[in-house]
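Report on the structure given below.
Just so it is clear, none of the values below were taken in a lab; they were calculated from the coordinates. A quick note: this is a predicted structure, and the numbers were derived from the prediction, not measured. Please note: Cβ atoms are built from the backbone with ideal geometry, for glycine as well, and neighbour counts cover all protein chains shown.
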């Protein structure tokens, strides 16, 4: 039995609905009925309808087949905030890379890190954990405190100096 998919946040669900709407709009703009697109994609009409509604339970392969059948392209790109502005994380979500500039306490205790402005979650946790006694907790922003707490929870450790 397949493993159950993790719950999706509202941002992701909204993006899937938006993509589904774009697929439906493209099909209608081409003047092609759902049965033709479904058959060309190797899917049932019901599955195509679920894609156009943005349902996350449909496989990525099915989404890709429909996109190809409608002569569309799916392009991934980094968020414009990825390099420029601080990322405001969604509940239960953290970026893959942590920008040192967004977390002043982390930057202050990461003095040994040279040649990069970003850390992985593991690297950030290790630096926080190793240097917890040097953190100025009262001056941490709410965002940085949330990151530190989420990292502790994710990696199942607690800093003994905090």
Provide the convex hull volume over Cα atoms per residue for the range 97-155, in Å³. 74
Going from the fewest other Cβ atoms within 10 Å to the most, one would list 27, 45 as 45, 27
For the range 1-78, evaluate the Debye formula with one uniform point scatterer on each Cα (no solvent term) and list log10 I(q)/I(0) at q = 0.22, 0.26 Å⁻¹, rounded to two decimals. -1.01, -1.31
